[in-house]
Amino acid sequence: MDNIASNICSPGDLITTDPAFMGGHGIYTTENNKYASVVGYVTKVNNLFLVQPIKTRYIGDVGDVVVGRITAVDTSRWRVDINSTLDAMLPLTSVNLPGGELRRRSEEDERMMRHYFVENDLISAEVQNVHSDGSLSLHTRNLNYGKLGQGCLIRVSSPLIKRQKVHFVNLPCGVSIILGRNGNIWVTSTSIQESSRKNGGFTPLLKPVSLNERENISRICNCIKALAKHHVLLYDTSICTAFEISKQYQIKEILDPKIAQEIAEKTEIQLAVDS
Amino acid sequence: MSRDLPDETWDPLVFLEPDCCQNLLENRKKNLGKNEENTDSSQGIFLKTDCVNEASGSSYIEMGNAKVLCSVYGPREIPRRDDYDFKVANLNCEFRFASFSCFMQRKGTLSQRDQTLDEKNFSSIIEEALKPSILLHKYPKSQIDMYILCIQNDIDSRNIICASVIAASMALANASIELYDLVSSFTYSPINMTVSYMPQLNQVTSIFFSNESNGAFLSTDLFKSHIKESIENCKKVYSFMRHVLLNSNFYENLKNGLDHEMEKTNIS
């Protein structure tokens, strides 16, 4: 409890002895006493205590947008790796098949599964269900979701992605990003994202991307890496601000640790000023 | 020399009455002090976390001459097998000596050779010491892998269990796997006994005597006092472990930047 002033706790620290409080994630209870079970920040919301660790596997919630990789094709579903404790499931019935949404899934559909998604494909999906053991069920019943084609994948720690209303963001520089809540961020150009929406999400668009768009994509990628290294929360405004600040440097210079730190610090100052 | 004893031999002092072996124990202690350095943890410990980028959590420890690197992967999906209990996570611990770590070189790279008998022995001891501290029921159907690599061995491997348990506990905390408490460990040099202890819960998770230890003829009172002394030293090691976990660079960056952001985050 001596760390409650700085809020960081380590496993086994006593949080409270008052039984009126509830314990959330990262807390275990023994005989009315609540102890922390992970290293992280202790936060209190009304009468709920919880400990937020800094790097942790993704813990799913219904309605989250995630970006994941197909690891296996099972009998009537796909297994997706979303950087969580267990692989997520994408059932065949939760995918939009060409030919209308309400069609019953036949045996032929099961045999054709490999034509839609194969191992190592990247997809964006939404969490439909969270099971009791912590595994997730996904769905792609929306033109927004589906196979991802040309672009960059950046993996950051999942607590850094701020929960927003919209996770598909079109930045003003012509770059679209998908902020997966599981820590996977997909960066692509707006033209590619818009075109693949019309196709229905199974065939990635292979049209060439111009040099200007590619430069913007790399700049955004490097900015995200710089922000993630210094634990700045990632959302559309913070990434935009970092992009503007980084314009004075060359794209490859952003990878330099000192410049990355400078960009991250300036971004934080700018965000604090704006809010 | 004592390493080459076959399994069936016994130390002759085992068969003596407890009161006459006290003198012999003193003599042995004096001899040990002359020939070998006292390489227990009073010499100073170096601990660092976040060493391996690819792992969920990792730590590095230097204790006397022993240098151990631990990386933790998980919790992650296990392939479907019937012999696993699916209600709790499966803890898998693999201890290896690097080929350059010991006095006698171990031939072959780690991927070429299977675990030797002493490595398997250490693996199961470390797993036994750490298992009570993890909330395994929170991760059903998954597997937590701990890979412990000894980069430099000390004489007689006396500090290896101790260093490995501390490193593994730090790596588990670094991976944000839910723990009841950190496990700290201490080796009581004169009798080569390693005690692993959880201070907040006040529970001993394991006591280990190696083959070379002279603990076979201790009286119960002496044994109790050795355990108490080891527990006191474990508490000191624990406070150091905690200090390293909470004050790593990771958190210093956060204290400056992320404080207000975390509080504003909507928790639903």
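The values are calculated or read from the model by the stated rules, or taken from the named source; none is laboratory data. Just so it is clear, the model here is predicted, and its values are computed rather than measured. Ideal geometry is used to build each Cβ from the backbone, glycine not excepted, and the neighbour counts take in all protein chains shown.
Exactly one condition in (1) away from chain B (no Cβ under 14 Å); (2) under 25 Å from B:ASP50 (Cβ atoms); (3) in contact (Cβ under 8 Å) with a residue 24 or more places away in the chain is not met by A:PHE243; state its number.
(2)
I'd like the full set of residues that are among the basic types (Lys, Arg) and farther than 17 Å from A:LYS229 by Cα, limited to segment A:244-275.
Listed by number, the list holds a single entry, A:LYS247.
This table checks each residue for (1) facing chain B (nearest Cβ under 7 Å); (2) part of a strand (DSSP E or B).
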residue: A:ALA20; (1), (2): no, no
residue: A:HIS25; (1), (2): no, no
residue: A:THR29; (1), (2): no, yes
residue: A:GLN52; (1), (2): yes, yes
residue: A:LYS55; (1), (2): yes, no
residue: A:VAL62; (1), (2): no, no
residue: A:TRP78; (1), (2): no, yes
residue: A:MET89; (1), (2): no, yes
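With the structure loaded, tell me whether A:GLU119 is acidic (Asp, Glu), assigned to a loop (DSSP other than H, G, I, E, B) and under 24 Å from the mean Cα position of the chain (by Cα) or whether it fails that test.
In short, yes.
Taking B:TYR60 as the residue in question, decide whether it is modelled with pLDDT of 85 or more, in contact with a Lys or Arg (Cβ under 8 Å, 6 or more places away or on another chain) and among the aromatic types (Phe, Trp, Tyr).
Against the criterion (modelled with pLDDT of 85 or more, in contact with a Lys or Arg (Cβ under 8 Å, 6 or more places away or on another chain) and among the aromatic types (Phe, Trp, Tyr)), B:TYR60 qualifies.
Can you find a residue that is closer than 30 Å to B:LEU182 by Cα and either in the same structural domain as A:VAL127 (by TED's automatic domain parsing) or charged (D, E, K, R) (or both) anywhere in segment A:62-79?
For segment A:62-79, residues closer than 30 Å to B:LEU182 by Cα and either in the same structural domain as A:VAL127 (by TED's automatic domain parsing) or charged (D, E, K, R) (or both): absent.
Counting only residues that are of a type in the set (A, V, I, L, M) and part of a loop (DSSP other than H, G, I, E, B), which one in segment A:122-150 is surrounded by the fewest Cβ atoms within 10 Å (Cβ to Cβ)?
That would be A:LEU143.
Give the residues of segment B:41-79 that are more than 17 Å from B:ASN92 (Cβ to Cβ), within 11 Å of chain A (Cβ to nearest Cβ) and β-branched (Val, Ile, Thr), sorted by residue number.
B:THR49
Could you tell me whether A:TYR28 is crowded, with 22+ Cβ neighbours inside 10 Å and closer than 26 Å to A:CYS9 by Cβ?
no
Could you tell me whether segment A:145-155 includes any residue that is touching a residue at least 24 places away in the same chain (Cβ under 8 Å), of a type in the set (D, E, K, R), closer than 20 Å to A:ILE70 by Cβ and assigned by TED's automatic domain parsing to the domain that holds A:LEU86?
Among the residues of segment A:145-155, at least one is touching a residue at least 24 places away in the same chain (Cβ under 8 Å), of a type in the set (D, E, K, R), closer than 20 Å to A:ILE70 by Cβ and assigned by TED's automatic domain parsing to the domain that holds A:LEU86, which makes the answer yes.
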